[in-house]
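Engineer: My questions will all concern the structure given below.
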Amino acid sequence: MANNPIVKNGWYMGAWSDEVGRTLLQRWIVSRPVCFYRLQDGSVTAIEDRCPHRRYPLSLGRLDGDVIECNYHGYRIDAGGVCVGVAEQPDTPKASVHRFPLVERDGVVWIWTGDAEAADPALIPDTPWLSDPGWTHVKGLVPLKARQVLLAENLLDLTHETFLHPGSIGNAAVAGTPIDVTSEGDRVSFVRHMVGIEAPPFYEKSMGLTSPIDRWQDGDFHAPGVFILNIRLAPTGTEEPEGFHMKVMYGLTPATETETHDFFALGRDYRIDDAELSTFQLEQQLAVMQEDVDALEIQEVMVATEPPGVRESSIRSDVAGIRGRRLLEKLAAKEAAAAGEAPAPRRPRAAASSVSGAGA
Amino acid sequence: MANNPIVKNGWYMGAWSDEVGRTLLQRWIVSRPVCFYRLQDGSVTAIEDRCPHRRYPLSLGRLDGDVIECNYHGYRIDAGGVCVGVAEQPDTPKASVHRFPLVERDGVVWIWTGDAEAADPALIPDTPWLSDPGWTHVKGLVPLKARQVLLAENLLDLTHETFLHPGSIGNAAVAGTPIDVTSEGDRVSFVRHMVGIEAPPFYEKSMGLTSPIDRWQDGDFHAPGVFILNIRLAPTGTEEPEGFHMKVMYGLTPATETETHDFFALGRDYRIDDAELSTFQLEQQLAVMQEDVDALEIQEVMVATEPPGVRESSIRSDVAGIRGRRLLEKLAAKEAAAAGEAPAPRRPRAAASSVSGAGA
Amino acid sequence: MANNPIVKNGWYMGAWSDEVGRTLLQRWIVSRPVCFYRLQDGSVTAIEDRCPHRRYPLSLGRLDGDVIECNYHGYRIDAGGVCVGVAEQPDTPKASVHRFPLVERDGVVWIWTGDAEAADPALIPDTPWLSDPGWTHVKGLVPLKARQVLLAENLLDLTHETFLHPGSIGNAAVAGTPIDVTSEGDRVSFVRHMVGIEAPPFYEKSMGLTSPIDRWQDGDFHAPGVFILNIRLAPTGTEEPEGFHMKVMYGLTPATETETHDFFALGRDYRIDDAELSTFQLEQQLAVMQEDVDALEIQEVMVATEPPGVRESSIRSDVAGIRGRRLLEKLAAKEAAAAGEAPAPRRPRAAASSVSGAGA
C-alpha cells in the first residue's frame, strides 16, 4: 500500500453555508461522522455524530430549539456537544461529544479536525472573492472515491489538462510550459504563464477570446486541504492586470482514508450578471471534474493494489506535486509522532536529482 | 472495534418447525453453515453444511431417503452426518460432519451450537403458549445486519419505544416509567408496570382499549439467545390477572459476527379466532421490527467504525441492557478461556456508580 | 483459510490471439495488471499496466505507432516497457515497467509471469490441433470467482460430471469407471476408458452415436495452468484410432487470489465444416462450464469461510486431483522459499493410506 498521509490539524471545508440549516446534516470528515446544523441565532455548530450513550447518529434525532434529542433513547445534546438531560428520565448524565472548532466565512463552513487549541482562524486561506460584489461564482461538491493526496497532486500538476481535458481546458501549451515553484510554511505555489498560445475551447466560448492569447495559471496549495488557482486570460500582449480573471478554489476534505469530498467554486470578475454563462461554466466545470474523478478513482485502485517497494519516476513538472505530497507527509508524520505512532513509510521514488533542479 | 461477544454454548432458535421439510435448508448460525431437513419419520436433523470431501454445501445435494448425496462428487451423508458411501464408488471413507444437537418443541427447532455434551434440553426456555389451544400467535424471521448484542440491548431497554416507535407501541409513558431488574444465572429480567397511562395506537386498535389503561411489560432475557416479553393490558385498575395478555418472543440467533437472525412470535389469549386481527398484528409487528432493524443496522456501522477506547454513557434505564451485555461477555469469555483464547476487551464505559444504584 | 497456491513461474494463457489488436487490452493476471497490444509488425507485447510515473493504467492511454502515451501526464512507454520520453516535456526519465515474456502460437498468446530468465518456450504444452486444418474448434473465456486450484481439481476429477452435468456430458459410467494416474515433472495425467456404456446426451446429438459406445477421457494437467482432455468416442468395440476425436483445452489463469480466467477451446476432427454443429458445441460447452462456475463459486465461499484445521476426506478417484494440487503447492512453496517467504500451510487431510493405493 502506498503512502496516504491524512492530516488532522488543519482547516478543511466542512460544508457550503447554504448546505447547513435547521435540518441535521451528517458528513464524514477524516473518518469521523460529523453532525452540522444551524442554531436559532443563525450560527453553525458541528459535533461528533455518535450519541455518547449508544452511538446512534445524533443527526437522525430531533431538533428541539438548539438541542438534539437522540431518536434511539432520548439523550439530549446541546450545540456544544454536552448532554443536558435525557427525555423522560430523571438523570442528567455527565457526558459529551466532541464539538469541532468552526469558522463561517464567505459562505464556507470551515472545520478544524485536530487539537482544538491549535485551531487558529488566521490559518484559513483568504477567499474575499467569494463574497466580493464585483465577483460571482458557481460552486458545488463532488464525491471522490480516492485518497486525498491523489487529488492534491492532480491539482498541483496541471500538465494533466493536456491529456485528460483536451476538449475543454487543456491543450499542448499547458504541459509544454514549465512552472516556477515556491513554497513557504504550509503553502506550495506554482506559476505558469503561457504567452501567445491557442485558446482552449472552454475559454474561447466563455470569453469570446480568439487565439493567440496569454493564459496564466498561478496555483496555491494551502496544506492540508485548500487549493486556489488564479487564472488570467487576455489577448496576447495585454498588460497586467487587464484581462479576464477567474479563481477556482478546491476544498480537498478527506472523508475516509480512501474517499474525499471535492468541494469547488469557480469565480469570475466579468459578465457577473450573465446567468447563462454561469450555467455554462458550472456544467463545464462539472464535466472537467468528472474526467478527474474517473481518472483518480482508477488511480486509487492501481495504487492500492500495488505491492510495496516499487519505485516511482518523476520529472521537473512534478516538483509542485511532490512538494505538496511531502508537505502532507511531513505534517501527518508530525502528528503521528506527537501521538506516539510510527510514521507511515514514504513511497520509494527516483533519486532526488531527477527533480531537484526544477523550478524552485 | 467495540465488544462483540458471540456465545456458542446455548440453545438458539434454528428455525420454525414449518420451515423444515423434505427440501434441504441452508442457514448460517454462529458463522457456520447448517443444513436442516426432516427425516422420513418426521424428526428433524441439522448437520454442518460442508461436505467432508471438498466442502460443497450438502444442502445443494439430493435427498435419497434420509441420506444426502452431495451434488459435486456423490458423497453420501446420513442424518447423523456420517458418510455411508460414495455414489458409483467402491469406497466408503471414514468421514463425517458435525451433527448439531436439536430439540423440536412448540413449533420451534432449537439448535445447540457449542459442545454437544453440554446440550441440556432443560436449558430451553418454556414456551407453552406457542402450542396452548387457548392462545394464538403470528410469527416470522427478519434478517438483521448487526451484531447480536445490539439486538439484545435493544430488547432489554424498551425506553427506545418512546422515540423509535411513537406511531405504534411507544409513548412517553414507556421511557417515563422506571423498571425493576433482577437476574439469576443466565437470565436477566425486568418489570415495568405503567399505571393509568394513555393507550398507544397499536393497543387501542388491537384491543379496543381506551385510555387510561394499565400496561405491563415484563421481560426475560434467557442468555444467550431468547427474549420473552410478557404483556398485560387492561382498563386502569383492573385486577390481575384480568386483561389482555400478549407474549412476544424473540430468537436472537447470531448468523455471523455482524449478522443476526431475528426470529419473532407475537401471541395473544383473546379473540384467538380473529384472522383479521392476526393479520393486523403481524403487519404491525413487522413495521415495528423494521424500525428497529433500520436503527440497529445504522448503529452497527457507528459501532464498527468507532476507534477503541471511547467511553460510553449510561443511565439507570440501561441497567437491564448492561446486565444482558455483561452476561454475554462473561459467557463468551468463559468459552474463550476454555478454548485457550484471550478474551476480547470490554468496551470502556462510565464508572459503575452511575448505574449501580438502579433497579437491582 | 485453506491453501491457495498461486504459481508465478509458468506459461499461462494470457489471451486468445484474436483478442489482441491495436486496441489496448487490460487483463489482471496473478494479481498484476497487464496491458496487451499488437505492434505494427503484427507481433504482440504485454507490459505491466501501471505507468511508472503515477500508476495510471497505460491501457487507458493512446497508441502512437508502437508507443503508448499515458493519458494522465503523457509518459511515453514503448513496447518493451521503456519510457522513451514525455509528451511536451524536455525530460526523458530513466524509467520502465516490466515486459512479460510472451509466445504467440496456434492462436494463443502465452504469458510468463515469473522470472524472465526461466521463461523457456519449450515448456509450453503442444496444441497443434488448434491450427491443424484437419481440425476445427470453438473457444472463449469464462470469468470465475474462485481460486485457481479449485478449477484444477475440478478438471482432474471428472467423476463430478455424473452429478453436476447429468443432462449433457455426465452419466453413471463416468464416476463408475476408475482412472489410471501417472505423473512426471510438472504434468499429472489420467486415463479413463469407458467400454460399452450408454452415450450421454451431448455426444448422442453431437455425433449421432447410439448406445452402447466406448468413451475415452485422457487428461493431462500441465502445471501450473493448462489442462488438455483428449476424448475418443466410437461404437463399442471400434478399434483405435478410429472414432470421433475431440480435445478440450482449458487455460487456468489466476487473475487474483480468488478469481480465475477460465479459457477454453473445444476441438474436433469430424464434420469440421459444419457450422451448426460448432454452434451447438459452443452452446453446450458454455452451459456445462456455467454449471461448473456456479459450483466452484459456491465452493470458494465454503472454503474461504472454513476455519483452519478441519480434515478433508478423499477417495481413490481423487488421486489425480490431489496430485495436481500438491504439484501446485510444491511449485508455489519453491517460489516462496526462493523469495525468502514462509510457505503457506497445506490443508489437513485424511491419512495418505486412504488414497495411496489408487491408480499410480
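The values are calculated or read from the model by the stated rules, or taken from the named source; none is laboratory data. Since we're looking at a predicted model, the values are computed, not measured. Cβ: placed from backbone, ideal geometry, glycine included. Neighbour counts: every protein chain shown. With ligands, DNA and RNA removed, areas are computed over all heavy atoms of the protein, side chains included. Shrake-Rupley method; radii C 1.70, N 1.55, O 1.52, S 1.80 Å.
Engineer: Taking the stated definitions as given, is B:L282 of a type in the set (A, V, I, L, M, F, W, C), open to solvent by 50 Å² or more (accessible area, probe 1.4 Å) and within 19 Å of the chain's Cα centre (by Cα)? Please lay out each step first, then the result.
Structural biologist: On the way: of a type in the set (A, V, I, L, M, F, W, C): yes; open to solvent by 50 Å² or more (accessible area, probe 1.4 Å): yes; within 19 Å of the chain's Cα centre (by Cα): yes.
Spelling it out, B:L282 is indeed of a type in the set (A, V, I, L, M, F, W, C), open to solvent by 50 Å² or more (accessible area, probe 1.4 Å) and within 19 Å of the chain's Cα centre (by Cα).
Engineer: Name the pairs whose Cβ atoms lie under 8 Å apart, with the first residue in region A:301-327 and over 29 Å from A:P178 (Cβ atoms) and assigned by TED's automatic domain parsing to the domain that holds A:P224, the second β-branched (V, I, T) and modelled with pLDDT of 95 or more, and 6 or more positions between them or separate chains?
Structural biologist: A:A304/A:T258
Engineer: Could you list, in sequence order, all residues of region C:34-51 that are crowded, with 18+ Cβ neighbours inside 10 Å and more than 10 Å from chain A (Cβ to nearest Cβ)?
Structural biologist: C:V34, C:C35, C:F36, C:Y37, C:R38, C:V44, C:T45, C:A46, C:I47
Engineer: Moving to a separate point now. Identify, by number, the condition in (1) surrounded by fewer than 17 Cβ atoms within 10 Å (Cβ to Cβ); (2) in contact (Cβ under 8 Å) with a residue 12 or more places away in the chain that A:D126 doesn't meet.
Structural biologist: With (1) surrounded by fewer than 17 Cβ atoms within 10 Å (Cβ to Cβ); (2) in contact (Cβ under 8 Å) with a residue 12 or more places away in the chain applied to A:D126, the lone miss is (2).
Engineer: Return the residues of region B:72-91 that are at the interface with chain C (Cβ under 9 Å from one of its Cβ atoms) and under 17 Å from C:G176 (Cβ atoms); say none if nothing qualifies. Walk me through it before giving the result.
Structural biologist: Filtering region B:72-91 for residues at the interface with chain C (Cβ under 9 Å from one of its Cβ atoms) gives B:72-75, B:83, B:86-91.
Selection gives B:Y72, B:H73, B:G74, B:Y75, B:V86, B:A87, B:E88, B:Q89, B:P90, B:D91.
Engineer: Which one of the conditions (1) at positive phi; (2) among the small types (G, A, S); (3) modelled with pLDDT under 95 does A:G196 fail to meet, given that it meets all the rest?
Structural biologist: (3)
Engineer: Looking at region C:311-332, which of the residues that are of a type in the set (K, R) and within 14 Å of chain B (Cβ to nearest Cβ) is surrounded by the most Cβ atoms within 10 Å (Cβ to Cβ)?
Structural biologist: Filtering region C:311-332 for residues that are of a type in the set (K, R) and within 14 Å of chain B (Cβ to nearest Cβ), the one surrounded by the most Cβ atoms within 10 Å (Cβ to Cβ) comes out as C:R325.
Engineer: Hey, among C:R22, C:R27, C:R54, which residue is assigned to a loop (DSSP other than H, G, I, E, B) and either closer than 14 Å to C:V109 by Cβ or within 14 Å of another protein chain (Cβ to nearest Cβ) (or both)?
Structural biologist: C:R54
Engineer: Could you pull out the residue among C:D115, C:D132, C:D49, C:D64 that is out of contact with any His (no Cβ under 8 Å at 6 or more places or on another chain) and closer than 20 Å to A:V301 by Cβ?
Structural biologist: On the way: C:D115 fails: closer than 20 Å to A:V301 by Cβ; C:D132 fails: closer than 20 Å to A:V301 by Cβ; C:D64 fails: closer than 20 Å to A:V301 by Cβ.
Going through C:D115, C:D132, C:D49, C:D64 in turn, just one is out of contact with any His (no Cβ under 8 Å at 6 or more places or on another chain) and closer than 20 Å to A:V301 by Cβ: C:D49.
Engineer: Okay, next question. Restricting to region C:180-225, name every residue that is small (G, A, S) and free of Cβ contacts under 8 Å to residues at least 24 places away in the same chain.
Structural biologist: Across region C:180-225, the qualifying residues are C:G185, C:G208, C:S211.
Engineer: Every residue in region A:293-310 that is of a type outside the set (V, I, T) and facing another protein chain (nearest Cβ under 10 Å), please.
Structural biologist: Within region A:293-310, the subset of a type outside the set (V, I, T) is A:294-297, A:299-300, A:302, A:304, A:306-309.
A:D294, A:A295, A:L296, A:Q299, A:E300, A:M302, A:A304, A:E306, A:P307, listed by residue number.
Engineer: With the structure loaded, tell me whether A:F190 is in a strand (DSSP E or B), out of contact with any Pro (no Cβ under 9 Å at 6 or more places or on another chain), surrounded by 16 or more Cβ atoms within 10 Å (Cβ to Cβ) and aromatic (F, W, Y) or whether it fails that test. Before you say what the answer is, go through the steps one by one.
Structural biologist: Values: in a strand (DSSP E or B): yes; out of contact with any Pro (no Cβ under 9 Å at 6 or more places or on another chain): yes; surrounded by 16 or more Cβ atoms within 10 Å (Cβ to Cβ): yes; aromatic (F, W, Y): yes.
Criteria met by A:F190.
Engineer: Within region A:75-87, is even one residue among the aromatic types (F, W, Y), open to solvent by less than 40 Å² (accessible area, probe 1.4 Å), outside the structural domain of A:L252 (by TED's automatic domain parsing) and over 15 Å from A:L39 (Cβ atoms)? Spell out how you get there, then give the answer.
Structural biologist: Taking region A:75-87 as the starting set, the residues that turn out to be among the aromatic types (F, W, Y) are A:75.
Okay, now just the ones that are also open to solvent by less than 40 Å² (accessible area, probe 1.4 Å), so A:75.
Then drop every residue that is not outside the structural domain of A:L252 (by TED's automatic domain parsing), which leaves A:75.
Cutting the leftovers down to over 15 Å from A:L39 (Cβ atoms) gives us A:75.
Yes - at least one qualifying residue is present in region A:75-87.
Engineer: Scanning region C:333-360 for residues that are among the hydrophobic types (A, V, I, L, M, F, W, C), out of contact with any helix residue (DSSP H, G or I) (no Cβ under 8 Å at 6 or more places or on another chain) and open to solvent by 40 Å² or more (accessible area, probe 1.4 Å), which turns out modelled with the lowest pLDDT?
Structural biologist: C:A352
Engineer: With farther than 23 Å from C:Y56 by Cβ and touching a helix residue (DSSP H, G or I) at 6+ places or on another chain (Cβ under 8 Å) as the only criterion, which of A:E153, A:E198 stands out?
Structural biologist: A:E198
Engineer: Right, next: Is there any pair linking a residue in region C:92-105 that is more than 9 Å from chain A (Cβ to nearest Cβ) to one that is among the aromatic types (F, W, Y) and part of a loop (DSSP other than H, G, I, E, B), with Cβ under 7 Å and at least six apart or on different chains, and which?
Structural biologist: If the second residue must be among the aromatic types (F, W, Y) and part of a loop (DSSP other than H, G, I, E, B), no pairs are left.
Engineer: Scan region B:314-330 and tell me whether some residue there is in contact with a helix residue (DSSP H, G or I) (Cβ under 6 Å, 6 or more places away or on another chain), at pLDDT 95 or above and assigned to a loop (DSSP other than H, G, I, E, B).
Structural biologist: Checked against the condition, which is being in contact with a helix residue (DSSP H, G or I) (Cβ under 6 Å, 6 or more places away or on another chain), at pLDDT 95 or above and assigned to a loop (DSSP other than H, G, I, E, B), region B:314-330 yields at least one hit.
Engineer: Given the criteria under 24 Å from C:L164 (Cα atoms) and at pLDDT below 95, does C:V293 qualify?
Structural biologist: No.
Engineer: Does C:A173 satisfy the condition of being assigned by TED's automatic domain parsing to the domain that holds C:A223 and open to solvent by less than 10 Å² (accessible area, probe 1.4 Å)?
Structural biologist: Details: assigned by TED's automatic domain parsing to the domain that holds C:A223: yes; open to solvent by less than 10 Å² (accessible area, probe 1.4 Å): no.
No: the conditions fail for C:A173.
Engineer: A further question on this structure: Quick one: which strands (runs of 3 or more DSSP E) sit completely within region A:202-278 and have at least 2 residues that are assigned by TED's automatic domain parsing to the domain that holds A:N154 and aliphatic (A, V, I, L, M)?
Structural biologist: A:226-235, A:244-256, A:259-268
Engineer: Which one of these is in a helix (DSSP H, G or I), closer than 30 Å to B:R27 by Cα and charged (D, E, K, R): C:E306, C:E283, C:E291? Write out each step before concluding.
Structural biologist: Details: C:E306 fails: in a helix (DSSP H, G or I); C:E283 fails: closer than 30 Å to B:R27 by Cα.
Exactly one of C:E306, C:E283, C:E291 is in a helix (DSSP H, G or I), closer than 30 Å to B:R27 by Cα and charged (D, E, K, R), namely C:E291.
Engineer: Do you know which residues across region C:82-94 are assigned to a loop (DSSP other than H, G, I, E, B) and either within 26 Å of C:I111 (Cα to Cα) or of a type in the set (D, E, K, R) (or both)?
Structural biologist: Residues satisfying the conditions are C:E88, C:D91, C:K94.
Engineer: If you go through region B:131-143 one residue at a time, do you hit one that is open to solvent by 20 Å² or more (accessible area, probe 1.4 Å) and either of a type in the set (S, T, Y) or not assigned by TED's automatic domain parsing to the domain that holds B:G219 (or both)? Talk me through it step by step, then tell me what you get.
Structural biologist: To start, the set of residues in region B:131-143 that are open to solvent by 20 Å² or more (accessible area, probe 1.4 Å) comprises B:131-137, B:139, B:141, B:143.
With the extra rule that they be either of a type in the set (S, T, Y) or not assigned by TED's automatic domain parsing to the domain that holds B:G219 (or both), the set shrinks to B:131, B:136.
Within region B:131-143, one or more residues are open to solvent by 20 Å² or more (accessible area, probe 1.4 Å) and either of a type in the set (S, T, Y) or not assigned by TED's automatic domain parsing to the domain that holds B:G219 (or both).
Engineer: If you don't mind, there's one more thing I want to ask. Collect the residues in region B:248-279 that are open to solvent by 50 Å² or more (accessible area, probe 1.4 Å) and closer than 20 Å to B:G14 by Cβ, keeping them in residue-number order.
Structural biologist: Result: B:E257, B:T258, B:E259.
Engineer: What is the residue count in region B:278-316 for residues that are over 18 Å from B:N154 (Cβ atoms) and touching a Gly at 6+ places or on another chain (Cβ under 9 Å)?
Structural biologist: Total satisfying the criteria: 1.
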